[in-house]
Each structure stands twice: as C-alpha cells, then as structure tokens.
1. Give me the angle, in degrees from 0 to 90, between the Cα long axis of helix A:103-112 and the longest principal axis of the Cα atoms of chain A, rounded to the nearest 10.
2. Can you list the HN-Hα couplings for region A:151-168, worked out from phi with the Karplus curve (6.51, -1.76, 1.60; θ = phi - 60°), rounded to whole Hz and with x for Gly and Pro?
3. List the DSSP H helices in chain B whose Cα atoms stretch 27 Å or more along the helix axis and whose mean Kyte-Doolittle hydropathy is at least 0.5.
4. To the nearest 10 degrees, how steep is helix A:20-30 against the longest Cα principal axis of chain A, on a 0 to 90 scale?
5. Run the paramagnetic zone check for B:Glu171: 7 angstrom along Cα to Cβ, then residues of region B:7-47 with backbone nitrogen under 19 Å.
6. Past 31 Å, Cα to Cα: identify those pairs from B:Lys295/B:Lys431; B:Lys260/B:Lys497; A:Lys71/B:Lys169; A:Lys71/B:Lys14, in the order given.
7. As a footprinting exposure proxy, order B:Asp41, B:Asp19, B:Asp270 by other Cβ within 10 Å, with the fewest listed first.
8. Can you tell me which of A:Gln160, A:Gln64, A:Gln149 moves the most in a GNM of chain A? Springs connect C-alpha atoms under 10 Å apart.
Amino acid sequence: MNENVNRHVLSVLVVNQTGVLSRVAGLFSRRGYSIDSLSVGVTQREDISRMTIVARGDDATLEQIKKQLDKLVDVIKVVFLPPESSVYRELVLVKVNADAENRSAISGIVDIFRGGIIDVAPDAVTVELTGDQSKIEAFVELMQPYGIQELVRTGLTALQRGNRTIGLDDIELDENYSEIGRTPHHG
Amino acid sequence: MQLTGAEIILECLKEHGVDTIFGYPGGAVLNIYDALAKHSDDIRHILPSHEQGAAHAADGYARATGRVGVCLATSGPGATNLVTGIATAYMDSSPVVAFTGNVGGPLLGKDSFQEVDITGVTMPITKHNFIVRDVNQLHNVVRRAFQIAREGRPGPVLVDVPKDVTVNKTEYRRQEPLPLAEHNEQVTADSLEGAIEMITESRRPFLFSGGGVICSGAHRDVLEFAERVGAPVSCSLMGLGGFPGNHGQFCGMIGMHGTKASNVAATQCDLFIAVGARFSDRVVSNAKRFAPDAKILHIDIDPAEINKNIKTHYHIVGDLKYVMQRLNERLQNSAVEPNQDWLQEIAQLKKAYPLTYPKGNGLKPQYVVERIYELTQGNAVIATEVGQNQIWSAQFYKYQEPRTWISSGGLGTMGFGLGASIGAQIGRPEKQVFNIAGDGSFRMNCNELATAVEYNLPIIVVILNNRALGMVRQWQDLFFDRRFSQTTIDRTTDFVKLAEAYGATGLSLSRTEDVDDVLMQAMNADGTVVIDCEVDPNDKVFPMVPPGAAIEDIITEE
C-alpha cells in the first residue's frame with residue numbers, strides 16, 4: 001500500500017431525508033474511495049443528521065472526497081476531524097465464551113476497560129465497551145483466548161474537542177428539507 | 001388557488017419560462033398529459049418516437065439555446081429509456097430537468113406494474129434527483145430542480161412524481177424563479193493578482209478553452225484575454241465554438257484527435273491556462289508527460305475539478321465570465337505584451353502541420369464537412385453522432401459561435417445526434433441544423449426521423465456511410481492487426497428509401513464533384529433531408545495520439 005495513505009475522520013452534516021445515506025455511500029463506491037466505517041444518526045436538530053466517515057487515502061484523494069461530498073445537494077457541511085483536536089468513540093458488543101470457571105477473569109478485564117457485562121448465559125457473556133479504536137482493539141485481543149462467538153462494532157463517531165462545534169445553528173432548511181441560502185458547488 | 005399536482009407542474013414550468021417540452025405519454029403520467037392538453041397554448045409538447053429521443057432532444061435544446069431543456073416520461077420503461085440521455089447531459093454539464101411518473105404512493109415498493117426506482121437508478125448520473133411523495137412539496141421541488149439544473153456547473157435533475165401526487169390538490173401561488181448563486185466568493189483581488197503574476201512571468205503562455213466557456217457565456221472575454229496575453233488557443237471537444245475557429249491564434253483541438261500545433265504548443269508552453277475545462281483523459285492522454293515544462297493555471301466554477309485529473313499550480317474557482325472580465329481589467333493596466341516570437345513559432349507549426357486528408361479515390365468525409373462549412377458560411381448548427389463522424393465534424397468545420405456545435409463529448413453516446421438536432425432545431429428555428437452521422441450511429445435512433453418529419457423540421461442528416469463502425473474499426477486496423485471483429489456492418493439498408501418511407505427527402509452522394517449540388521439541394525428543400533454519402537471504410541481520423549503516448553507524439557498520418 002502507498003505509504004502516503006492515511007486514515008482520516010470526516011464529519012458530514014446532511015439533510016435528514018430519504019436517500020441521503022445511499023447518495024453518500026454511492027459516491028464512495030462509484031469513485032473507488034476506501035471507507036473503513038460510516039455511522040449516522042440525527043443531531044440535536046431532527047432535520048439534520050450527522051455522519052462520521054472513516055476513510056483512507058492519500059492527500060489528493062482526501063481532497064477529492066471532501067469536494068465530491070460538498071457537491072451533493074443533501075450534504076450541508078464536511079469537516080475533517082484530526083486526532084489531535086477531536087474525540088473519537090466507538091461501541092463494541094462482544095459475545096465471549098464464558099463458563100463458571102473463567103467468568104470472573106473476563107469480568108476483571110471488562111472492569112479494567114470500564115466496560116460492562118450486559119447479558120449472561122451459562123456458557124457465554126455479552127460485553128459492551130466504548131472507546132477509541134485502539135482501546136477496542138486491545139480489548140478484543142484480550143478476549144480472543146476465551147473464544148469470541150460474535151462481535152459487532154458501530155463504527156467510529158466523533159466530535160471536535162473543547163468548545164468548537166461544527167456549527168449547525170445557522171443552517172436554514174425549508175419545510176421540504178431542501179436547503180435555503182446554501183450554494184452547493186456542483187457538477 | 002387549489003390545483004392538482006399535474007397542473008402545479010405545468011404552472012411551475014411556466015414560472016421558469018418553459019414553452020416546449022419533449023415527452024412520451026403513459027399510464028403514470030395520464031394526469032399530466034390531461035393537464036397539458038388544457039395548457040397547449042402555453043406549452044408546446046413534442047412527441048418523439050422513443051423516450052431516449054425525448055431526453056436527447058431536451059439536451060440538444062438546452063445546448064443550442066442555453067435554456068433548461070425539459071423532458072417527460074412515464075414510469076418504468078419510460079423512465080429507464082431516459083437514462084442514456086440523462087447520463088449524456090450529466091457528462092457534458094447540460095441543464096436538463098427530467099420528469100418521470102411513477103406508480104401511486106401505496107403501490108411504491110411493491111414491484112407494481114411499470115414501477116422502477118428511477119431516483120435510485122439515476123443517482124450517479126444526475127446533479128440531484130427527487131421523488132415527490134406529497135403534493136404539498138411539489139411546487140418547491142420543481143422550483144428547486146430548475147435552480148439546481150442551472151446553478152454553478154449546470155447538469156440534469158430528475159423529478160419523480162407518483163401518480164397520486166399528480167391527482168391530489170393543494171394551494172398554488174405563482175412565484176418568481178429562485179435566484180442563482182454566483183459562486184464568485186473565492187474570486188478576490190489577491191487570487192486574481194496571483195494569476196496575473198503568473199501571466200506576467202510567462203514567455204510562452206497557452207490557453208485551453210473548454211465547455212465551461214460556453215456555459216458561462218464567457219466567449220468574448222476569453223477572446224479578449226487570449227489576445228491580451230498572446231496565447232495560442234486550443235479547445236476541448238466540448239469547447240468548440242467558444243473561440244472563433246478562424247482566429248489567427250486558434251490552433252484547433254487538443255488531445256487524442258487534436259492538432260500537432262496544439263499538442264506541441266501545450267507541451268512546450270511555460271504556462272498552461274485551462275479555462276472551463278476538466279482535463280479529460282481524451283485531452284491529457286499520458287498525465288506524467290502532459291505540459292511537462294509548464295505551470296498550470298486552472299480556472300473553473302467547480303472546485304472538485306481542481307487537482308482531480310491534473311495537479312495544478314494555481315487555480316481560481318468562480319464563474320468564468322466574471323473571472324475573465326476581472327483578469328482583463330487587470331491585464332489592461334499591466335505590462336503584459338504578447339510574445340510575437342512564441343506566436344510565430346506556433347504559427348509555423350500550424351503551417352507545417354495543417355489538418356489534412358488524402359485526396360482522390362472517391363468521396364472523402366472530411367471534404368463533405370468542409371463543404372458544409374463553406375456553403376453555410378459557418379452559420380449552421382452542427383449536431384453529430386459519435387465516432388469518426390464526430391471528430392471529422394470537429395476538425396473540418398470552423399465553429400465561430402458558442403452553441404453551434406452539439407456533440408456528446410463525455411459519455412460518447414452513439415444515437416445522440418438526431419434527437420439532439422431535433423431539440424436544437426426547435427430551440428433555434430432560424431438556424432440551419434445539420435446532424436452529421438455515421439451509418440452505425442444513425443441506425444441506432446433513426447426512428448426519430450419520424451419526429452423530424454412530423455414537426456416539419458428542416459434538419460439535414462448527413463450520413464457518412466462507410467458501412468462500418470468506423471472509429472472502432474480504425475482501432476482494430478491500427479492496434480489489433482486488422483481483425484475487424486463485428487465492425488464491418490455492411491448491411492443492405494437503403495437509407496434513401498428509408499428516408500422516403502419516413503416522409504423525408506432522401507438523397508445519395510458518391511462523387512466529389514456532386515457535393516455542392518447535393519448539399520445545396522438539401523439546404524433548399526422543404527422539410528427533413530437525409531443525404532447518404534458513400535465513403536471508404538479505410539478513411540481514418542488523423543491526427544491521433546496512440547493509447548498511453550504523450551500528446552506531442554501525435555501521429556499525423558498512417
């Protein structure tokens with residue numbers, strides 16, 4: 001792989017309406033951009049959703065990803081969230097083999113990682129854990145020896161540190177959710 | 001007042017000054033057609049043979065007039081038949097609004113009769129698309145569709161309207177069209193000075209003019225700029241007509257089928273100025289060896305085009321007309337003087353390597369195009385199909401004015417030209433419109449001859465008939481050891497009789513000495529004319545840059 005290829009976290013404000021996820025996902029697939037994860041949910045405003053996309057590429061590719069996203073009419077704003085000025089979190093649920101003998105050992109590790117056991121069966125426990133990606137990877141590695149039955153990750157979500165925000169208070173959408181006053185750069 | 005969705009669509013079209021639409025009826029658009037019948041005084045409906053023809057006609061209308069072209073089709077197959085036309089418009093940044101009917105809301109998503117998810121299908125080939133699920137949203141969606149189609153870099157927008165939305169009623173109030181943003185926020189005194197500095201330092205500037213010059217209406221400003229800077233000028237295929245083809249500084253097209261002069265000048269220049277162009281692979285060829293000694297200055301309205309295909313040294317994002325005017329104001333007060341030595345050098349190249357073709361031995365397609373130029377004095381509108389016919393039409397007709405050259409550049413759609421020429425002729429009734437075709441392309445959508453005849457359009461279809469798929473055959477000849485796999489079509493169709501069967505005039509042409517007479521006969525005829533020109537399948541398009549080569553290594557003959 002090209003050594004200039006890096007992982008980048010993008011935060012994308014979109015109009016919360018049908019088809020927007022498909023437009024963004026379609027853009028990545030048809031232009032051949034690599035995507036590690038994409039998570040999406042509504043913001044404090046129900047008409048606006050926020051996507052967190054973890055993408056890979058060299059600087060030129062990243063520049064194109066941002067510009068092409070900006071061209072989508074339903075995309076309101078795209079910002080990069082660099083690691084030094086952002087907080088990243090991801091949720092993982094892991095179902096691990098656990099019998100009476102090793103359940104307490106697993107529970108000990110979960111405590112150290114400040115996770116929680118949310119379901120217990122005679123031969124398995126389900127663990128919930130939140131953290132940045134390296135914390136989650138470290139935890140998953142420690143669970144491997146017990147035998148992981150299944151694992152699901154939500155994908156990364158992120159915000160800027162401090163009092164800075166992406167700024168969605170000024171955005172005006174009309175009653176049909178087509179934006180007013182915005183000037184998408186098109187193609 | 002309370003109106004149905006169908007009536008609201010038509011009222012919104014009228015708000016935007018639309019007086020012509022190209023469409024085809026069907027079950028899901030019955031209500032729209034019913035309303036159209038009542039509005040026939042205000043909106044003229046053109047009925048093609050096939051929805052693809054409607055899409056190309058709307059596109060041709062938009063390209064010939066600069067106004068938004070509108071097409072309409074029913075759900076399912078009607079909608080999918082528009083797809084090639086929409087993709088063609090998308091690749092060439094043509095402002096088209098396409099309306100499709102769909103099955104009623106309750107039937108959506110149930111695989112109902114003639115249901116297709118056309119917004120899903122057209123997502124990657126539209127600037128944006130909408131499905132309208134509530135009649136109360138309809139007026140705003142249509143207005144927004146027109147705004148998006150026209151604003152910034154233009155492009156097609158699709159509006160999918162389920163049948164129940166066309167029946168339901170809501171309150172409608174007329175509104176003026178939404179304002180268009182200017183996209184000049186980044187054009188600052190500093191950014192302009194940066195460009196002027198590069199121009200001042202340059203001894204060998206070169207100007208590359210693309211389709212954006214035509215979209216923006218910047219042709220006069222680009223001409224003034226070129227003269228002030230003293231740059232040789234080349235056009236992309238989409239840019240033809242944006243710079244006068246008989247101007248002393250014009251060197252012809254650049255790239256795969258460009259001229260030796262343009263390709264060498266681009267390679268030797270020290271400043272490559274691209275205006276309203278996107279550095280397509282057909283222009284750049286080998287990116288590593290493109291304009292190796294030059295700084296690249298890119299001016300375009302679409303920021304995503306900057307650094308997409310070619311890394312630029314400097315760029316200005318903004319409306320070309322506005323940017324060029326600001327640059328011209330500054331050049332007027334600058335010390336920039338044309339470098340006559342450089343212009344002389346390029347003039348010598350033009351003289352040494354003119355566009356030419358082997359004479360003798362039967363009718364030459366290039367000669368036919370040259371004579372069309374001479375006999376129309378360059379005042380015609382030329383639509384083309386795709387392939388050799390297209391490139392010869394680009395090379396041997398000197399386009400003087402924007403919107404006189406209508407060709408599918410980005411998508412390269414065979415079968416585009418006839419529909420497009422119908423749209424162009426309807427949009428520009430005072431112009432003589434030609435569709436220069438190959439026999440392969442003509443056969444793809446020749447059903448639209450019925451439309452041209454029905455509306456009594458004086459289009460002249462010139463079929464450069466080599467009984468082959470000429471451009472692919474040329475590649476097989478040059479790069480595949482002459483294995484002419486499936487490109488020698490040589491069918492027995494009599495195009496003259498076919499034209500007559502459609503009610504057009506059919507003429508045949510096989511001798512060089514008859515060219516003027518036959519063309520004059522066609523130009524003086526009433527109604528649609530088809531000229532079947534017998535040409536040799538071994539005639540090739542030159543110059544040509546072989547695949548993967550640098551553009552300066554262009555081959556000028558076999």
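1. It works out to around 40 degrees.
2. 8, 9, 10, 7, x, 6, 10, 7, 9, 6, 6, x, 9, 7, 10, 6, x, 10
3. Details: long enough: none.
Helices meeting the span and hydropathy rule in chain B: none at all.
4. For helix A:20-30, the angle is close to 90 degrees.
5. In region B:7-47, the label zone of B:Glu171 (backbone N under 19 Å from the point 7 Å along Cα→Cβ) covers B:7-9, B:11-12.
6. Values: B:Lys295/B:Lys431 41 Å; B:Lys260/B:Lys497 41 Å; A:Lys71/B:Lys169 34 Å; A:Lys71/B:Lys14 28 Å.
Flagged as over cut-off: B:Lys295/B:Lys431; B:Lys260/B:Lys497; A:Lys71/B:Lys169.
7. B:Asp41, B:Asp19, B:Asp270
8. Taking springs between Cα atoms under 10 Å, the residue moving most is A:Gln149.
Read the figures in this text as sums done on the coordinates, not as results from a lab. Keep in mind that what you see is a predicted model, and the values were worked out from it rather than measured. Don't worry about glycine lacking a Cβ; one is built from the backbone with ideal geometry, like all the others, and counts go over all protein chains shown.
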